[in-house]
1. For Ala77, work out the one condition from (1) within 27 Å of Asn4 (Cβ to Cβ); (2) among the small types (Gly, Ala, Ser); (3) modelled with pLDDT under 95 it doesn't fulfil.
2. Against the condition basic (Lys, Arg), in a loop (DSSP other than H, G, I, E, B), within 16 Å of the ligand (Cβ to nearest atom) and in contact (Cβ under 8 Å) with a residue 24 or more places away in the chain, how does Arg10 come out, does it pass?
3. Just give me the residues in the range 77-101 being farther than 13 Å from Ser14 by Cβ and in a loop (DSSP other than H, G, I, E, B), in sequence order.
4. Got a sec? Which of Pro86, Pro40 is within 16 Å of the ligand (Cβ to nearest atom) and of a type outside the set (Val, Ile, Thr)?
5. Quick check on the range 107-114. Is at least one of its residues more than 20 Å from the chain's Cα centre (by Cα), more than 16 Å from the ligand (Cβ to nearest atom), over 27 Å from Gly26 (Cα atoms) and free of Cβ contacts under 8 Å to residues at least 40 places away in the same chain?
6. Which of the residues that make up the range 63-95 are more than 18 Å from Ser37 (Cβ to Cβ) and under 18 Å from the mean Cα position of the chain (by Cα)?
7. Please enumerate the residues belonging to the range 89-117 that are polar (S, T, N, Q) and under 15 Å from Asp19 (Cβ atoms).
8. Read through the list (1) modelled with pLDDT under 95; (2) surrounded by 10 or more Cβ atoms within 10 Å (Cβ to Cβ), then give the number of the only condition that Leu83 fails.
Amino acid sequence: MRKNPEDLVRHIVSVRKGDQVRVMTGRDKGKVGRVLSVDPYKRTVTVEHASMIKRHTRPNPSKNIKGGIVEREGAIAISNVLLVCPGCNKHTRVAHATLPDGTKVRTCRRCGATLEK
Ligand SMILES: [Zn+2]
């Protein structure tokens, strides 16, 4: 399959694995869940229990994979999710700040709390 040239660019994304996000649009609008994976090339994320898709898998005994229909999380465009701030518990856009010691952190645009653990 020919590679899409757009997929070769690693975009800067403000969402990281393990973040709590809220799905803002689409079938699972309003759902809040943990980010399971981030694809900075496609600008997509998978969110726990959101955008579930059914995959029809073929059994592969050598890899111990059972066949059948498996439900798993599908990709959601990052532009369709927003981070949930642990400080004010609301979905927010992300601001970036530099601490006095020079480390960069993501902060909440609503309350200014840092989003790093
Ligand atoms: Zn906040």
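The values are calculated or read from the model by the stated rules, or taken from the named source; none is laboratory data. Because the structure is predicted, anything quoted here is derived from the model rather than measured. So basically every Cβ, Gly included, is an ideal-geometry build from the backbone, and we count neighbours across all protein chains shown.
1. (3)
2. Considered against the rule, which asks whether it is basic (Lys, Arg), in a loop (DSSP other than H, G, I, E, B), within 16 Å of the ligand (Cβ to nearest atom) and in contact (Cβ under 8 Å) with a residue 24 or more places away in the chain, Arg10 comes out as no.
3. Pro86, Gly87, Cys88, Asn89, Lys90, Leu99, Pro100, Asp101
4. Values: Pro40 fails: within 16 Å of the ligand (Cβ to nearest atom).
Checking each option against the conditions leaves just Pro86.
5. Checking the range 107-114: not a single residue is more than 20 Å from the chain's Cα centre (by Cα), more than 16 Å from the ligand (Cβ to nearest atom), over 27 Å from Gly26 (Cα atoms) and free of Cβ contacts under 8 Å to residues at least 40 places away in the same chain.
6. Just the residues of the range 63-95 that are more than 18 Å from Ser37 (Cβ to Cβ), to begin with: 63-69, 85-95.
Residues satisfying the conditions are Cys85, Pro86, Asn89, Lys90, His91, Thr92, Arg93, Val94, Ala95.
7. Of everything in the range 89-117, those that are polar (S, T, N, Q) and under 15 Å from Asp19 (Cβ atoms) turn out to be Asn89, Thr92, Thr107, Thr114.
8. Among (1) modelled with pLDDT under 95; (2) surrounded by 10 or more Cβ atoms within 10 Å (Cβ to Cβ), Leu83 violates only (1).
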